[in-house]
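The values are calculated or read from the model by the stated rules, or taken from the named source; none is laboratory data. Everything quoted here is computed from the prediction, not taken from an experiment. Every residue, glycine as well, gets a Cβ built from its backbone with ideal geometry; the counts of neighbours run over all protein chains shown. Calculation scope for accessible area: heavy atoms of the full protein, side chains included, ligands and nucleic acids excluded. Shrake-Rupley method; radii C 1.70, N 1.55, O 1.52, S 1.80 Å.
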Amino acid sequence: MDRIAEQALEWHLAGKGAALATVVETWGSAPRRVGAMLAVSGEGDLAGSVSGGCVEGAVVTEAFDSLETGKSTILTYGVSDDDAFAVGLACGGTIRILLQPVGFDAGIPVDTLTTLCAARAARTPVAHVVDTQGWTSRIAGAESFPDRFRADRSGFEDDATFVAIHNPPLRMVVVGAVHISQALVPMARMAGYDPLIVDPRPAFATPERFPGEDVRDAYPDEVLDGLLDSRTALVLLTHDPKIDDPALEMGLRSDAFYIGALGSTRTHAKRVQRLTDKGFSQGQIARIHAPVGLDIGSAGPAEIAIATIAQITQVLRKGA
């Protein structure tokens, strides 16, 4: 997760002054998506970006002015084709940026920014909601804008209200350091997930098999407590009930947005019976996607991994 909001709060509390700039609308080719942020201190320090360098200088000047007036504003900039090309885009466009000085009622009050930063630290999905006519700010929960949270889509509502979505980073817990995992983990990272691989078998859970990744040589119930939240996908790939079942039981009691388990229809039927015997309801068990992945006729570890990441994406963006 970036620390742009946190940096703005730290600068303000240190007495430097700070302003927070957020991309609210774009047209044409835009270097940064809606919701991208830039923090500017009263001494000219920067954290983040709203344009990849095209208009940052102008935003800094406006930020200094906002710290003098204590008022928020919306800035509009056209990005020329030449400037866009310099940051890797084929053509230019237009961006609108919400600029809020920290610590002002007509900016972003300190308690609002503090609440936002605390929620981000706790991996709690929240929205920063700004009335761009009355210049009031508030923090709202994920239940207020379910479609926006599912799509990670900040933007204006039908009125002059801008909703900035602050979702925790995506995480994928893969139980079983098997061949499918070796294909799935790089795909997950490219798709924006922070992977965690868990397997108590020392021959499988090795850094050599998963270079640079977080690999735990342990049983799932030893490491997963508190990790399976609403931004986490849980994928079970060992076929071994001694390893998969403890993670599955934790997953069914959690808010994990996706739970998938490898195995045939017959294997899953036995799994369902074990879970039923342990007191899990039909509704809880129905959360499990098994066999794991979309039915695209996958053959081999790489294709199963493709089907799995596709199904996880479908559940994330469209719901179960």
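Between 0 and 90 degrees, the angle of helix 301-318 with respect to the longest Cα principal axis of the chain falls at about 50 degrees. Surface exposure of the chain, expressed per residue as accessible area with a 1.4 Å probe, stands at 45 Å². Charging the Cβ of each Asp and Glu at -1 and of each Lys and Arg at +1, and nothing else, the dipole of the stretch 203-285 about its Cα centre rounds to 480 debye.
Amide H contacts under 5 Å for Phe156: Val163, restricted to partners 5 or more places along the chain or on a different chain, H placed in the peptide plane at 1.01 Å from N.
In this view, the solvent-accessible surface of Thr22, computed with a 1.4 Å probe and all protein chains in place, comes to about 10 Å². Dipole magnitude for the chain: computed about the Cα centre from +1 point charges on Lys and Arg Cβ and -1 point charges on Asp and Glu Cβ, it is near 1180 debye. One chain, two ends: Thr132 and Ala286. Fully extended at 0.36 nm per residue, the span grows by 51.1 nm beyond their Cα-Cα distance. Rolling a 1.4 Å probe across all protein chains gives Tyr77 an accessible area of roughly 40 Å².
Here the Gaussian network model covers the chain, with springs between Cα atoms less than 10 Å apart; of Ala118, Ala151, Ala203, Ala203 fluctuates the most.
Within the chain, DSSP assigns beta bridges of which about 65% are antiparallel (rounded to the nearest 5).
Sequentially through the stretch 196-213, phi angles give Karplus couplings (6.51, -1.76, 1.60; θ = phi - 60°) of 9, 10, 10, 7, x, 8, x, 5, 9, 7, 10, x, 5, 7, 9, x, x, 9 Hz, Gly and Pro residues having no value and appearing as x.
Residues whose amide H lies under 5 Å from that of Gly263, counting only those 5 or more places away or on a different chain, are Val292; hydrogens are built 1.01 Å from N in the peptide plane. Ordered from highest to lowest accessible area with the whole protein assembly present and a 1.4 Å probe, Arg120, Arg287, Arg266 read as Arg266, Arg287, Arg120. Backbone phi angles across the stretch 168-178, fed through the Karplus curve with coefficients 6.51, -1.76 and 1.60 (θ = phi - 60°), yield HN-Hα couplings of x, x, 6, 9, 10, 9, 10, 9, x, 8, 9 Hz in residue order; Gly and Pro are listed as x. Annotation for Ile74 and Arg266: the two label points, set 7 Å from Cα along the Cα-Cβ direction, are 6.2 nm apart. Shape class of the chain from the Cα gyration tensor (axes a ≥ b ≥ c, square roots of the eigenvalues): prolate, since a/c reaches 1.5 or more and a/b is larger than b/c.
With all protein chains in place and a 1.4 Å probe, the accessible surface of the chain carries 51 percent carbon and sulfur. Here's how it looks for Ala18: its modeled amide H is under 5 Å from those of Gly42, Val102, which are all 5 or more places away or on a different chain. What shape does the stretch 82-238 take by its C-alpha gyration tensor, where a ≥ b ≥ c are the square roots of the eigenvalues and a/c under 1.5 counts as rounded, a/b above b/c as prolate, and the rest as oblate? Judged from the Cα gyration tensor, the stretch 82-238 comes out prolate (a/c at least 1.5, a/b above b/c).
For the chain, the longest principal axis of the C-alpha atoms and the axis of helix 241-252 are separated by about 40°. FRET efficiency for the Asp221 to Asp111 pair, using the beta carbon distance and R₀ = 41 Å, is estimated at 0.60.
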